[in-house]
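Accompanying notes for the structure given below.
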Amino acid sequence: MFRFIGRLLMALALIGLGLAGCRPATPAPVTLTIIMEQVPDTDVIQKLLPDFEKENPGIRVTIDAMPYDAMRDKILASFMAPKATYDVIIVDNPWMDEFVAGNFLEPLDSRIQTTPDYDFEDFVRPVREIGVVGGKVYGVPFYNYALGLIVRQDLFDDPAYREAYQKAYGQPLAPPTTLEEYVRIAQFFKEQSGGKIYGAAMQPQRGYKVFEEWKNWLYAAGGNLMDEKGNVILDRPEAVQALNLYIEMYQTAAPPNSLNWGFDEALRSMAAGESATMMSYNWMLPTLNNPQGPAGALAGKFALYEVPGGKAVLGTWHWAIPHNAPNKDASWRFISWVTSKAVEKQRVILGGAPVRVSAMKDPEVWQKGFGQAYYETVLKILEDAEPLARGPKAEEIIQIVGTELNAAVAGEKSAEQALKDAADQVRKIQGQ
Amino acid sequence: MTPLLRFRVAAFPAWRVWTRRHWGTGGRLLLLGISVFVVLFPFLWVLAASLKPPTEINRPTLWGFTPTGAIWAEVWLGSPFARYFLNSLLVGGITVGISLAVGTPAAYAFSRFRTGGTGLRFLILAAQMLPPALFIIPFFLMAYHTGLLDTVWAVAAAHLTFIAPLVTWFLIGFFEDVPWDLEEQAMVDGCTRWRAFLQVVLPAARPGLGAAGLFALIMSWNEMFYALMLAGGHSKTLPVAIAGYWTFRGVDLGKMSVAILSAVLPVLVVSFFVQRFLIRGLGGGALKG
Amino acid sequence: MSQRDRALGRRLLFPLLVLLALVQGYPIAFAAYISFHNYQLTALDQVRWAGLAQYRGLLDNPSYWTATRNTLVFVGGAVILELLLGLALALLLHRPVPGQNAFRAIILMPMFITPIAVGLMFRFLLNSQLGIIPALLRPLGLDVDWFGPRLALVSLILIDVWQWTPLMVLFLLAGLEALPTEPFEAARVDGASSLQILRHLTLPLLRPVILAAVLIRMLDAFRVFEYVYAITRGGPGERTETILFHIYRVGFLYFRLGEAAAMSFTLAAVILILVVILFYILRRQEAWA
């Protein structure tokens, strides 16, 4: 019986190898497979692909688009195979340090230096620094997802609201620049509208979302997760103050029962006209202002500002080449092409989120894109932005802090206790 | 929903007796009607979402908007949706075929001969007790090294991991419900055990086979995790496509609704046909007496 | 049992065992291996033998126990509800009713949607601002936070019940259809009431199928993942962190796959114990020794 099994296994193995052999050998021309998310920025790249293939007749590009978690899992699996299944990957900022530590990414410095006119410094500094680990460049920026404050400008301009606010607080109604102002304005909108319009659509969902939103508040209060030396300072008084204000906002001015809200719900709330403000990715503004988009009749009434305090949470996607990629030169051809100044400009005009200063200051982009005010605001946001966490355990730190924050907003812990627990756990991870 | 369910659970025996005695068919229809409403309501919402123009999608309404077929067109014509459909069919077919072919005799052996004892019965469930997350990397490597990555075979093989044991287990329970007399009588009439199995026991177990087959199809049709990891552009299945509408930039509810309805309809049709196997009908004649 | 029967039993079982060995062998071995090593996906050159350290580490990992507890509550609540409702519906659908086929097909529908889509559907259906269910319930005075700290796990249980009661209906209905008719006719002739028939005839006869159905559903319920993934991500706090989501989190978000493997095997042991207990409780009659 065992002999039979053995023979069966051998037979199956041979069939398997035979099938593998039947696969066509890597064709010349080279085909690059790129893994990306299914987002509008990917669609933009898809549109530009024919130009790349025209300029590089030996290379074809296929894009495999899928949701975020799946992409990360598949990228990890691809790293473990002898030859990577993807030639070019995109890397989210929390993964960058960890992937580099695992020797998964190819260093790009020499390639950048030998590419003429590349101008690596043209990428906004906080954005490009994320791709630099241990002094070497492992990724070049693709698009940013920094947070901004999106408001219903028509509500701020409405004479009735302006008058009421002036009378109540002795100041003109304007997008807030401090946390206290923000809470006050949010509460104001809710009261004045008789509860029909909530002050802010918040995203306190456990994990990534709540931390992504709240860290802007932390920055505005003058705090941070860690100081320059790497000590955890999450449980300092300014952080507690920031969290208490956040909780106050949730309890008094946010839509009720929105504890598990993430990006989707907040966006829909704004689009449906039920909230006056939200902190969200800066490139959501064009989506909201699109007459054929989700906002419908409200399109055109939204405006983008920097978050209160001016320092925003930064997220980015970078292009990178896996260490075990089979055609690294071709991979770099694609990456250097898509991030070149000329193509970046086109990409931004088609609606992509910008990463190069030149693109954001280009009058043609202003004209064909979404207007000068928008791009100038984006540039301001990007210049003073910082990612949620850095270092090899970034994702775990984000999840831990996000769990504690959500527990505080849910009322299960006091703000002080939650931050202390979070800080202790982060310290443990950091080995402090 | 909650109060209704709790009420039903608490008053179950008394309610049933009372219904049968006093209301008969009318009462049954009422209860079934309520169940159907609870079942269908979310589907109605999905249907509405698939027909709403983008400006309406955020309003909690089921009607009162001008429906548009644009989203349906975009999904079916503007993306390789038909291919995903075909892939799901292929993977489902392979999975159902192999799991029934392999599971039915195994279930019979477990039920009649207690082959391997209770220990073996539980051992085959081992993989079902372990999370898919754990198997994904080994599966990926196996598929990569046999060159089967991004084919329907890899996905079907991953599905069989948990579907074949479950089908077997379900059929064991089923075969145990089929009385021994059938085969005994057939063997008295001169059949071997194997022929008795094929010609007498299997037909009597038709409802179970139908249910097991449908169950296998559903499990495979809906499986997303393995399909996500093992399939690429060519062998993507429907659940992967549906999940793909959940992007970093939010859920594309309109397109996802179209995908959901498109994925549900074929299974609905299949289940309707399998109903015939579930109804006892003429098969009951095999039971003498 | 004759020698020939025994041999036949082994041969009938053979294909299933070969299939499982092929697809499960390497993955399970891989998982066992990494559970004893500090296998981290992003530090593959630093894999060291860890012995039982990762298993012992679970003892003072509060998140793991919270997740286990949440999952046990979920499984208990969901399976019990599904069994009761499934039995009720199966009994309703068993007797002829006008439109029976249509009812049967419709009631099975929730099973046909891939779970992640169901999760996303209910995420928006139960959304306090934008969802249609709260909008309908508010005029009735029912204004709850479906995904708040108190109700989140309950809501997930209800979603599971909505989706998977049809599976119970499918199994139990098939079981009912395959039952022999004579005992029931005899009982009715003897004047037994419907309730007596139910308690003393139907349910005992249905026991094997009930056992199989409950077992299968229980194993599946332990693997609840998609609802948490789509709606709450384990929140609020850690209230809906189920064990599979936790394992996924540790293995793929934190890249500590070895630890995730240790958690998985511990979980499998817990499930195995429960399965064995369940098996012996429901199999009090050992009709075939």
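Scanning the stretch A:233-262 for residues that are more than 19 Å from A:LYS420 (Cα to Cα), in contact with a helix residue (DSSP H, G or I) (Cβ under 7 Å, 6 or more places away or on another chain) and in a loop (DSSP other than H, G, I, E, B) returns A:PRO255, A:SER258, A:LEU259, A:ASN260, A:GLY262.
Taking the criterion of being away from chain A (no Cβ under 11 Å) and not in a helix (DSSP H, G or I), the residues of the stretch B:123-170 that qualify are B:ILE124, B:LEU125, B:LEU130, B:PRO131. Scanning the stretch C:168-192 for residues that are within 7 Å of another protein chain (Cβ to nearest Cβ) and under 16 Å from the mean Cα position of the chain (by Cα) yields C:LEU170, C:PHE171. Contact map, the stretch A:372-392: residues that are within 12 Å of A:MET360 (Cβ to Cβ) paired with residues that are among the β-branched types (Val, Ile, Thr), Cβ distance under 6 Å, separation 6+ or inter-chain. Pairs shown: A:LEU382/A:VAL124.
The lone criterion from (1) assigned to a helix (DSSP H, G or I); (2) out of contact with any Pro (no Cβ under 7 Å at 6 or more places or on another chain); (3) modelled with pLDDT under 90; (4) open to solvent by less than 50 Å² (accessible area, probe 1.4 Å) left unmet by C:LEU12 is number (2). Give the residue that is least open to solvent (accessible area, probe 1.4 Å), with candidates limited to residues of the stretch C:193-202 that are more than 8 Å from every other protein chain (Cβ to nearest Cβ) and hydrophobic (A, V, I, L, M, F, W, C). It comes out as C:ILE197. Here the condition is being open to solvent by 20 Å² or more (accessible area, probe 1.4 Å), within 13 Å of chain B (Cβ to nearest Cβ) and touching a helix residue (DSSP H, G or I) at 6+ places or on another chain (Cβ under 6 Å); of C:GLY77, C:GLY86, it holds for C:GLY77 alone.
In this structure, is B:ARG112 within 9 Å of another protein chain (Cβ to nearest Cβ) and free of Cβ contacts under 8 Å to residues at least 12 places away in the same chain? For B:ARG112, the condition - within 9 Å of another protein chain (Cβ to nearest Cβ) and free of Cβ contacts under 8 Å to residues at least 12 places away in the same chain - is not met. Of the residues making up the stretch C:122-155, those that are more than 9 Å from every other protein chain (Cβ to nearest Cβ), assigned to a loop (DSSP other than H, G, I, E, B) and either touching a helix residue (DSSP H, G or I) at 6+ places or on another chain (Cβ under 7 Å) or among the hydroxyl-bearing types (Ser, Thr, Tyr) (or both) number 1.
Looking only at residues that are in contact with a helix residue (DSSP H, G or I) (Cβ under 6 Å, 6 or more places away or on another chain) and at the interface with chain C (Cβ under 9 Å from one of its Cβ atoms) in the stretch B:246-255, which one is modelled with the lowest pLDDT?
Initially, the stretch B:246-255 is screened for residues in contact with a helix residue (DSSP H, G or I) (Cβ under 6 Å, 6 or more places away or on another chain), giving B:248, B:250-251, B:253-255.
Still in the list and also at the interface with chain C (Cβ under 9 Å from one of its Cβ atoms): B:251, B:253.
Working: B:VAL251: 81, B:LEU253: 85.
Residue satisfying both the conditions and the ranking: B:VAL251.
Among residues of the stretch B:194-228 being assigned to a loop (DSSP other than H, G, I, E, B) and either under 13 Å from the mean Cα position of the chain (by Cα) or not small (Gly, Ala, Ser) (or both), the one that is farthest from C:LEU170 (Cα to Cα) is B:MET224. Consider the stretch C:227-243 and keep the residues that are more than 10 Å from chain A (Cβ to nearest Cβ) and buried (at least 24 other Cβ atoms within 10 Å of the Cβ). The one that is farthest from A:ASN260 (Cα to Cα) is C:ILE243. Restricting attention to the stretch A:163-179, does a residue exist that is within 25 Å of A:THR287 (Cβ to Cβ), more than 24 Å from the chain's Cα centre (by Cα) and outside any loop (DSSP other than H, G, I, E, B)? Within the stretch A:163-179 (the criterion being within 25 Å of A:THR287 (Cβ to Cβ), more than 24 Å from the chain's Cα centre (by Cα) and outside any loop (DSSP other than H, G, I, E, B)), the answer is no, since none of the residues qualifies.
Reported count of residues in the stretch A:298-328, each being in a helix (DSSP H, G or I) and free of Cβ contacts under 8 Å to residues at least 24 places away in the same chain, is 0. The residues in the stretch A:359-372 that are at pLDDT 90 or above and buried (at least 16 other Cβ atoms within 10 Å of the Cβ) can be counted, and the count is 5.
Examine the stretch C:247-266 for a residue that is closer than 22 Å to C:ASP60 by Cα, part of a helix (DSSP H, G or I) and out of contact with any helix residue (DSSP H, G or I) (no Cβ under 8 Å at 6 or more places or on another chain), and state whether such a residue exists. First the steps, then the outcome.
Of the stretch C:247-266, the ones closer than 22 Å to C:ASP60 by Cα are C:247-266.
Filter once more, so that each one left must be part of a helix (DSSP H, G or I): C:247-253, C:257-266.
Restricting the remaining residues to those that are out of contact with any helix residue (DSSP H, G or I) (no Cβ under 8 Å at 6 or more places or on another chain) gives none.
No, that holds for no residue.
Among the residues of the stretch A:76-93, write down those that are at pLDDT 90 or above and within 20 Å of the chain's Cα centre (by Cα). Listed by number, the residues that qualify are A:VAL88, A:ILE89, A:ILE90, A:VAL91, A:ASP92, A:ASN93.
Any residue at all in the stretch C:208-218 that's facing another protein chain (nearest Cβ under 9 Å) and of a type in the set (Lys, Arg)? Among the residues of the stretch C:208-218, not one is facing another protein chain (nearest Cβ under 9 Å) and of a type in the set (Lys, Arg), which makes the answer no. A:THR277 falls short on exactly one of the conditions (1) open to solvent by less than 10 Å² (accessible area, probe 1.4 Å); (2) under 18 Å from the mean Cα position of the chain (by Cα); (3) away from chain C (no Cβ under 14 Å), and that condition is (2).
Just to check your reading of the model, which residue among C:LEU201, C:LEU167 is in a helix (DSSP H, G or I) and modelled with pLDDT of 85 or more?
Details: C:LEU201 fails: modelled with pLDDT of 85 or more.
On inspection, the qualifying residue turns out to be C:LEU167.
Of all residues in the stretch A:267-295, those that are in a loop (DSSP other than H, G, I, E, B), at pLDDT 90 or above and either touching a Pro at 6+ places or on another chain (Cβ under 8 Å) or of a type in the set (A, V, I, L, M) (or both) total 1.
The values are calculated or read from the model by the stated rules, or taken from the named source; none is laboratory data. Quick caveat, the model's predicted, so the values are computed rather than measured. Counting neighbours? That spans all protein chains shown, and the Cβs are built from the backbone with ideal geometry, glycine included. Note: accessible area is taken over every heavy atom of the protein model, side chains too, but ligands, DNA and RNA are not part of it. Shrake-Rupley method; radii C 1.70, N 1.55, O 1.52, S 1.80 Å.
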